[in-house]
Amino acid sequence: MRQELGQALCRDGYLLPTAVAGVYGRDGRFEHLVGAVGAAVSVMAAEIDATVVRYPPAVAADELHRVGYLRSFPHLAGAISVCADTTGRETAIAARLHRGGAWEELLRPSDLAPCPAACYPLYPHLAGRAVGGGKRYDTMGYCFRREPSDDPFRMQLFRMHEIVCVGDRTTVDAFLARAHDFAARLFTDFGLTATRAAATDPFFGSGGRMLAREQLDRDLKQEYVCPTPDGGVALASVNDHETHFTRPYGITGDDGGPAVSACVGFGLERVVLAGFLQHGPDPADWPGGTRRAFGLTTG
């Protein structure tokens, strides 16, 4: 059913297919709906005085090593490669292309990698800082996860809007409770069904099963799942990172020890897709409250 939704949205021009599975353009109508969801998240972030930060959709490749992303999620990771030889009148790539040969093997990994989550560039920015009782941030951007698929909910390049809290345990626990209120409120306002459920990240390999079990046992990840006939799909998640991001970067609290962090993240395209899935292919026919939330009507 989700693949059929993608086909319909491409046929109607909301999504613009490319030669690569899971990579889409978006037309102005779709972007309007995405903007309405992002604006709603920003309003919530402002309620807790979150600082707005925006980063490019890439991070230093070493940061993925530093926080263990490549150990846990090598199947989702990517790297940005560049030309290995740009000297002379004609680069090696141009010469290879001229002969009709493959050129990709002449590239080498650069010092950049596409961001797997919108908050990843935030922690290097906070490296070595003391955050006192707590700091809150509103961050949003394109993210990359290598999951080529015809399911539009599994885009390889998508936008995530996150509200992040970094601070002491008491402050972060209070934020986590507020984050669940934010998620429940957003889905109510947009007229969408999303069920809260304990979840795990898609860890890699046999060791990943142990990490997933620990994540469940310690209740570190909760998702808000849109039900579909071919399996539910998460629209948002609330995550307790503990010291996973703060310890590697020396981010400390009032006591000088590692701070802790947490976030609530919304998949902007996924929320819009849920609107089409749950309310039909024509936004003109969506319920009045949903249309207002998506900025399709006033009053």
- Message: Keeping every protein chain present and rolling a 1.4 Å probe, give me the accessible area per residue for region 92-224 in Å².
- Response: 48 Å²
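Can you give the longest stretch of the chain with no exposed loop site, where a site means trypsin sites (Lys or Arg not before Pro) in a DSSP loop (not H, G, I, E or B) with at most 10 other C-beta atoms within 10 Å? Don't skip to the answer; put the middle values down first.
On the way: sites that count: R54, R89, R99, R218.
For trypsin sites (Lys or Arg not before Pro) (loop position, at most 10 other Cβ atoms within 10 Å), the longest site-free span of the chain is 100-217.
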- Grab the Cα-Cα distance for T200 and V82, subtract it from 0.36 nm times how many residues apart they are, and report the gain in nm with one decimal. 39.1 nm
- Note on the structure: The answer for H241, listing residues at least 5 apart or on another chain whose modeled amide H is closer than 5 Å to its amide H, is S261, A262, C263
- Query: Given q = 0.29 Å⁻¹, what are the Debye log10 I(q)/I(0) values for region 116-161, with equal point scatterers placed on the Cα positions and solvent ignored?
  - Reply: -1.07
- Find how much the distance from A184 to T228 grows on full extension, using 0.36 nm per residue of separation minus their present alpha carbon separation; answer in nm with one decimal. 14.0 nm
- Which percent of the accessible area of region 1-110 is formed by carbon and sulfur heavy atoms (probe 1.4 angstrom)? 57 percent
- Task: Starting from the Cα gyration tensor of region 190-253, take the square roots of the eigenvalues, sort them a ≥ b ≥ c, and report rounded, prolate or oblate (rounded when a/c is under 1.5, otherwise prolate if a/b is larger than b/c, else oblate).
- Result: oblate
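Which shape class applies to region 7-112: rounded if a/c is under 1.5, otherwise prolate when a/b exceeds b/c and oblate if not, where a ≥ b ≥ c are the square roots of the Cα gyration tensor eigenvalues?
Oblate, since a/c reaches 1.5 and b/c is not below a/b.
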- Message: Counting only other residues whose beta carbon sits under 15 Å from that of G231, what net charge do I get with K and R as +1, D and E as -1?
- Response: -3
- Label-point gap, in nm, between D219 and R129 - each point 7 angstrom along Cα→Cβ: 3.1 nm
- By how many nm would the segment from D27 to D150 grow when fully extended, if each residue of separation counts as 0.36 nm and the alpha-carbon distance is taken off? 42.5 nm
- Packing rank of 226-232, 160-166, where each peptide gets the mean count of other beta carbons within 10 Å, highest leading: 160-166, 226-232
- Note on the structure: Taking R0 as 45 Å and r as the Cβ-Cβ distance between R209 and A102, the FRET efficiency 1/(1 + (r/R0)^6), rounded to the nearest 0.05, comes to 0.75
- Message: What is the sum of charges, Lys and Arg at +1 and Asp and Glu at -1, for the other residues whose Cβ falls under 13 Å from the Cβ of M1?
- Response: -3
- 3J(HN,Hα) from dihedral phi, region 31-36, Karplus parametrisation 6.51/-1.76/1.60, rounded to Hz, x for glycine, proline: 5, 4, 5, 4, x, 5
- Message: Could you compute the net charge surrounding D181? Neighbours are other residues with a C-beta less than 14 Å from the C-beta of D181; K and R count +1, D and E count -1.
- Response: 0
- Where a ≥ b ≥ c are root eigenvalues of the Cα gyration tensor, a/c under 1.5 meaning rounded, otherwise prolate if a/b exceeds b/c and oblate otherwise, the chain counts as oblate
- Message: Run the helix sum for the chain: -39,500 (n - 2.57) per DSSP H stretch of 4+ residues, divided by residue count, reported at 222 nm to the nearest 500 deg cm²/dmol.
- Response: -10000 deg cm²/dmol
- Query: Between region 167-185 and region 1-35, what's the alpha-carbon centroid distance in Å?
  - Reply: 33 Å
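The values are calculated or read from the model by the stated rules, or taken from the named source; none is laboratory data. These numbers come from a predicted model, not from an experiment. Glycine also receives a Cβ, built like all others from the backbone with ideal geometry; neighbour counts cover every protein chain displayed. Ligands, DNA and RNA are excluded from the accessible area calculation, which covers all protein heavy atoms including side chains. Shrake-Rupley method; radii C 1.70, N 1.55, O 1.52, S 1.80 Å.
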